Amino acid sequence: MKSGKAGKSRWRISLAALIVVVLISVVLNYYFSDTYQLSFFQNGVESIVAIVLCAAFLLIVGTVNVIVSILFKGAPKSIHNPKVAWVITAVLCITILFFTMWVYPLAEKASYIHKVEKALAMSEQQQADEEITVLLISSEKQCFRTTSSNCNNETYKNSFFLKNNLDTQKEVQVRIRALDSEQKELKVIESDVMTLEAGELRLVETDESSEMESIWSRSSFETEYRTHSYESLYRYRDADKEALFLYQTALHI
């Protein structure tokens with residue numbers, strides 16, 4: 001890290017690796033946006049949260065740096081170097097913004113697209129003569145380490161999808177009864193009235209789905225325990241008609 005050819009070589013390798021990673025992520029982001037019609041960037045609320053997080057970190061570390069600079073005024077740079085401290089703080093802030101506004105959303109997009117592809121494959125298998133297909137794609141906790149004590153307090157986020165198998169646009173609403181591994185009821189919830197184009201597949205959105213989150217970060221609803229199976233009722237109508245027709249699907253395990 002000091003002066004010398006070896007240090008410069010390592011910095012060049014690190015910088016080149018970073019540039020390659022950024023370029024690959026840009027290509028992936030463009031592909032996801034173009035193929036799946038996803039927004040290139042996360043929404044404004046999530047971006048504000050990331051900026052506030054970074055600002056809070058900058059405020060805390062900056063305050064500590066100022067206090068230490070006052071207490072150790074005139075101390076040798078080997079003990080405290082304010083300029084180096086500010087440079088490190090700036091680098092860490094940029095890193096936080098890079099991960100919270102770019103890397104993490106990109107990973108969530110990839111996970112969401114995997115769910116969409118899985119839902120499409122399942123709908124092809126289950127479609128038969130169903131007008132509307134209701135699918136449970138995942139019921140999971142969003143934790144970095146599922147074995148940690150902090151994760152025990154997290155609820156399960158359930159992702160259900162609807163697919164319109166008809167040839168015309170429909171307004172669809174579904175009621176879902178989530179069941180655990182012992183077929184005990186976890187929750188009964190109704191979706192919003194959703195407009196689906198012919199053949200369209202969409203995540204089921206309910207009152208628990210946050211509009212402040214990007215679509216790839218949303219879930220249908222949350223339960224205390226994992227959803228293993230479900231029962232569903234759905235109804236649909238043409239966009240220009242008032243009558244709703246009620247249908248019932250079988251138990252899904």
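On inspection, Ser159 qualifies as part of a strand (DSSP E or B), of a type in the set (Gly, Ala, Ser), in contact (Cβ under 8 Å) with a residue 60 or more places away in the chain and closer than 24 Å to Glu46 by Cα. The set of residues from the range 28-66 being touching a Ser or Thr at 6+ places or on another chain (Cβ under 6 Å) and more than 20 Å from Ala107 (Cα to Cα) comprises just one member, Val61.
Screening Phe161 on (1) closer than 12 Å to His228 by Cα; (2) modelled with pLDDT of 95 or more shows it passes everything except condition (1).
One line per residue, one yes/no per condition, for (1) surrounded by fewer than 14 Cβ atoms within 10 Å (Cβ to Cβ); (2) within 30 Å of Ala50 (Cβ to Cβ):
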site: Ile132; (1), (2): no, no
site: Gln142; (1), (2): no, yes
site: Asn152; (1), (2): yes, yes
site: Asn158; (1), (2): no, yes
site: Lys170; (1), (2): no, no
site: Val174; (1), (2): no, no
site: Ser214; (1), (2): no, yes
site: Tyr230; (1), (2): no, no
site: Arg235; (1), (2): no, no
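Among the residues of the range 162-185, those identified as in contact (Cβ under 8 Å) with a residue 24 or more places away in the chain and either among the β-branched types (Val, Ile, Thr) or not in a strand (DSSP E or B) (or both) are Asn165, Leu166, Asp167, Thr168, Gln169, Val172, Val174, Ile176, Asp180, Ser181, Gln183.
Table: residues versus (1) in a loop (DSSP other than H, G, I, E, B); (2) touching a residue at least 40 places away in the same chain (Cβ under 8 Å).
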position: Val188; (1), (2): no, no
position: Thr195; (1), (2): no, yes
position: Ser209; (1), (2): yes, no
position: Trp216; (1), (2): no, yes
position: Arg226; (1), (2): yes, yes
position: Tyr236; (1), (2): no, yes
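Whether a residue is exposed (fewer than 13 other Cβ atoms within 10 Å of the Cβ), in a helix (DSSP H, G or I) and not hydroxyl-bearing (Ser, Thr, Tyr) was assessed, and Ile94 passes this test. Scanning the range 107-130 for residues that are surrounded by fewer than 16 Cβ atoms within 10 Å (Cβ to Cβ) and in contact with a Ser or Thr (Cβ under 8 Å, 6 or more places away or on another chain) yields Gln126, Gln127, Glu130. Pick from the range 35-86 the residues that are under 16 Å from Phe98 (Cβ atoms) and assigned to a loop (DSSP other than H, G, I, E, B): which of them is least open to solvent (accessible area, probe 1.4 Å)? Only one residue tops the list, namely Gln42.
The values are calculated or read from the model by the stated rules, or taken from the named source; none is laboratory data. Quick caveat, the model's predicted, so the values are computed rather than measured. As a convention, Cβ positions derive from the backbone with ideal geometry for all residues, glycine included, and neighbour counts pool all protein chains shown. Only protein heavy atoms, including side chains, enter the accessible area calculation; ligands, DNA and RNA are left aside. Shrake-Rupley method; radii C 1.70, N 1.55, O 1.52, S 1.80 Å.
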